[in-house]
Amino acid sequence: MLAKRIIPCLDVKDGRTVKGVNFVDLRDAGDPVELAYEYSQQGADELVFLDITATHEERKTTIDLVKAVARQVNIPFTIGGGINEIKDADILLNAGADKISINSAAVRNPDLINQMAAAFGAQFVVVAVDTRSIDGQHFVHLSGGRIRTELNTADWILEAQERGAGEILLTSMDHDGTKNGFDNGFLKKINDQIHIPLIASGGAGNQQHFVDVFQQATVDAALAASVFHYGEILIPDLKATLRQNGIVVR
């Protein structure tokens with residue numbers, strides 16, 4: 001059985017880590033490079049950095065951040081935000097990132113997934129999906145959740161997998177920042193339909209929520225932000241709890 005992964009997520013805006021609720025009301029959570037180092041020391045399995053306003057502001061993700069993080073940590077990290085073409089991904093991977101995450105750009109140009117998988121290998125390509133439930137149906141949202149599409153979330157995830165995505169990072173906008181737990185029902189539904197790893201995101205508030213998402217949705221990894229940033233959950237404690245519940249972790 002593959003070990004489950006714990007992944008702190010650092011949403012970066014203007015060079016600082018920020019966190020909000022349901023994608024709004026952002027507050028400062030610290031220096032991203034310092035936090036990255038701290039998480040690598042604590043035993044995080046991977047890190048995800050999302051430049052959350054890069055797409056909205058139509059600019060590229062900062063290369064300096066990637067280089068600084070690569071110097072500080074010895075665990076894999078994914079970078080996303082404002083990546084619209086092969087060249088962007090190539091620069092970030094060469095700067096030290098281990099994987100790249102595409103979200104809005106993939107929806108607007110689905111062939112980008114095929115191109116990146118062909119250029120770098122599927123294992124380097126994470127397709128991030130922000131989803132919100134509207135009248136009982138899940139729809140994909142773009143630009144940091146600002147723009148609703150008519151794209152059915154499950155259909156889009158299956159297409160992304162078909163095009164060569166190596167992993168799916170699925171964020172429930174309804175659960176994001178609420179600390180009420182992951183959207184285990186929907187995550188399980190998606191996980192049952194795909195054969196690539198699924199990273200659960202949105203809603204972690206305590207250690208039991210991680211136990212639940214691994215046991216109920218059987219996802220490959222769980223991602224969280226504020227509970228780690230503000231010291232509410234320490235990764236060694238979380239891994240001990242998961243082991244006590246029979247969940248295999250590194």
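The values are calculated or read from the model by the stated rules, or taken from the named source; none is laboratory data. Computed from a prediction, not measured in an experiment: that's the story for all the values here. Positions of Cβ are backbone-derived with ideal geometry, glycine not excepted, and every protein chain shown enters the neighbour counts. Calculation scope for accessible area: heavy atoms of the full protein, side chains included, ligands and nucleic acids excluded. Shrake-Rupley method; radii C 1.70, N 1.55, O 1.52, S 1.80 Å.
Take the residues in the range 236-250 that are surrounded by 19 or more Cβ atoms within 10 Å (Cβ to Cβ) and of a type in the set (A, V, I, L, M, F, W, C), then tell me which one is farthest from MET1 (Cα to Cα). Taking the candidates together, the pick is LEU238.
For the structure I just gave you, tell me whether GLY144 is crowded, with 22+ Cβ neighbours inside 10 Å, in contact with a Phe, Trp or Tyr (Cβ under 7 Å, 6 or more places away or on another chain) and under 19 Å from LEU47 (Cα atoms). Yes. Considered as a group, the residues in the range 93-114 that are touching a Gly at 6+ places or on another chain (Cβ under 9 Å) and part of a helix (DSSP H, G or I) include one that is surrounded by the fewest Cβ atoms within 10 Å (Cβ to Cβ), and that residue is ASN114. Can you tell me which residue within the range 192-234, out of those that are outside any strand (DSSP E or B), open to solvent by less than 30 Å² (accessible area, probe 1.4 Å) and of a type in the set (Val, Ile, Thr), is farthest from VAL129 (Cα to Cα)? In this case the residue turns out to be ILE233. Mind checking whether some residue in the range 48-68 is at pLDDT 95 or above, closer than 30 Å to GLY246 by Cα, surrounded by 18 or more Cβ atoms within 10 Å (Cβ to Cβ) and of a type in the set (Phe, Trp, Tyr)? There is no residue in the range 48-68 that is at pLDDT 95 or above, closer than 30 Å to GLY246 by Cα, surrounded by 18 or more Cβ atoms within 10 Å (Cβ to Cβ) and of a type in the set (Phe, Trp, Tyr).
Residues of the range 148-191 that are in a strand (DSSP E or B) and touching a residue at least 40 places away in the same chain (Cβ under 8 Å): THR149, LEU151, GLU167, ILE168, LEU169, LEU170, THR171, SER172.
Hey, can you tell me all the residues within the range 178-203 that are of a type outside the set (Lys, Arg) and out of contact with any strand residue (DSSP E or B) (no Cβ under 7 Å at 6 or more places or on another chain)? Across the range 178-203, the qualifying residues are ASN180, GLY181, ASN184, GLY185, ASP192, GLN193, HIS195. Whether a residue is open to solvent by 10 Å² or more (accessible area, probe 1.4 Å), over 23 Å from PHE77 (Cα atoms) and free of Cβ contacts under 8 Å to residues at least 40 places away in the same chain was assessed, and PHE139 passes this test.
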